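Structure record follows, encoded as structure tokens.
The values are calculated or read from the model by the stated rules, or taken from the named source; none is laboratory data. Everything quoted here is computed from the prediction, not taken from an experiment. Neighbour counts run over all protein chains shown; Cβ positions are idealised from the backbone, glycine included. Keep in mind that these areas ignore ligands, DNA and RNA; they rest on the heavy atoms of the full protein, side chains included. Shrake-Rupley method; radii C 1.70, N 1.55, O 1.52, S 1.80 Å.
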Amino acid sequence: MKKFVVFTLLLLLATTMGTAFAAVGNSRSDTAALYGEYRIVVDADNQLWTKLDWEQSGHKYAKEATLWHQFWRNEQGFQMVAAYETGKPDSVVQIQRFTPQSPFKLSEVKTLFPEIHKLLMSPKTVIFATDQQITSHFVESKPEIILGAVIKEAPTADRQAYYTLVSFNVVQEGRVVKHIDQINADTLIREFVMERVSKADVDNKLQERSGWTVSPNHFK
């Protein structure tokens, strides 16, 4: 729970700074269908509510910040925290952070997250690695090398100026990844974040000498 609350604080801080978060394209019902109903709400004052308490009375007095889901894939437990654009039922996801019960391989994304693997395999997706900070929403210790994926299409029809960025906090057999050449299909994911990024910013970063190095796609 401590890590979850820390992440919520990061989300709130970023929101007050005017950061543009991702509209990953999922509505609340889409998210529930994929990952189950949320279990906990964290409000804008960082107070925790159970789903029942929130729906009965919490929403009358407080503003929603993030929703916490727990789910299982192939006997692996996951926590997913989602922030939405608004508290309305048809609102779409702004940002999602996924944390596994234990790290899993890049090659396992295909079976654990087929809905995300489909995005990673899109011809409009660019896989890259960088030693720069590309997200402020990791909770595990910051890696020296971050593996990223940019899905170069609008996350929703009304967000044409944006792409979706997926950032992976990776390790190699329990050790810190210090160079892009160390990354392969057996590299382990400790957590990953999906968020919206400005199309113009990403196009500039993917240019030569920007610090974002295009990487082979090890998610196949």
Quiz item: Once phi is turned into ³J(HN,Hα) by the Karplus curve 6.51 cos²θ - 1.76 cosθ + 1.60 with θ = phi - 60°, what whole-Hz value does each residue of segment 151-159 show in order, with x for glycine and proline?
Solution: 8, 7, 8, 4, x, 9, 4, 9, 10
Practice problem: For segment 68-207, give the magnitude of the charge dipole about the Cα centre (Cβ charges: +1 Lys/Arg, -1 Asp/Glu; no others), in debye to the nearest 20. | Solution: 100
Quiz item: Fully extended, how many nm does the chain gain between Gln132 and Glu37 (0.36 nm per residue separation, minus their Cα-Cα distance)?
Solution: 30.7 nm
Quiz item: Which value, in Å², gives the accessible area per residue of the chain when a 1.4 Å probe is used on the protein heavy atoms?
Solution: 50
Quiz item: Leaving out ligands, DNA and RNA, what percent of the accessible area of the chain is carbon and sulfur, probe 1.4 Å?
Solution: 50
Practice problem: Specify which residue in the list Thr50, Gln172, Pro143 is farthest towards the positive end of the charge dipole of the chain, using unit charges on the beta carbon of Lys, Arg (+1) and Asp, Glu (-1), about the Cα centre. | Solution: Gln172
Exercise. Round to a whole angstrom and tell me the spacing of the C-alpha centers of segment 121-160 and segment 179-220.
Key: 6
Quiz item: Too long at a 29 Å Cα-Cα cut-off: which of Lys105/Lys142; Lys63/Lys152; Lys63/Lys118; Lys152/Lys178?
Solution: Lys63/Lys152; Lys63/Lys118
Practice problem: At a temperature of 37 °C and a viscosity of 0.692 mPa s, determine how fast segment 3-214 diffuses translationally according to Stokes-Einstein, using the Kirkwood radius over alpha-carbon pairs as Rh; express D in µm²/s, rounded to the nearest whole number. | Solution: 186
Quiz item: Okay, helix-only estimate at 222 nm for the chain: each DSSP H run of n ≥ 4 adds -39500 (n - 2.57), divide by all residues, round to 500 deg cm²/dmol; what do you get?
Solution: -5000 deg cm²/dmol
Quiz item: What does the charge add up to near Phe219, with Lys and Arg as +1, Asp and Glu as -1, over the other residues with Cβ less than 11 Å from its Cβ?
Solution: +3
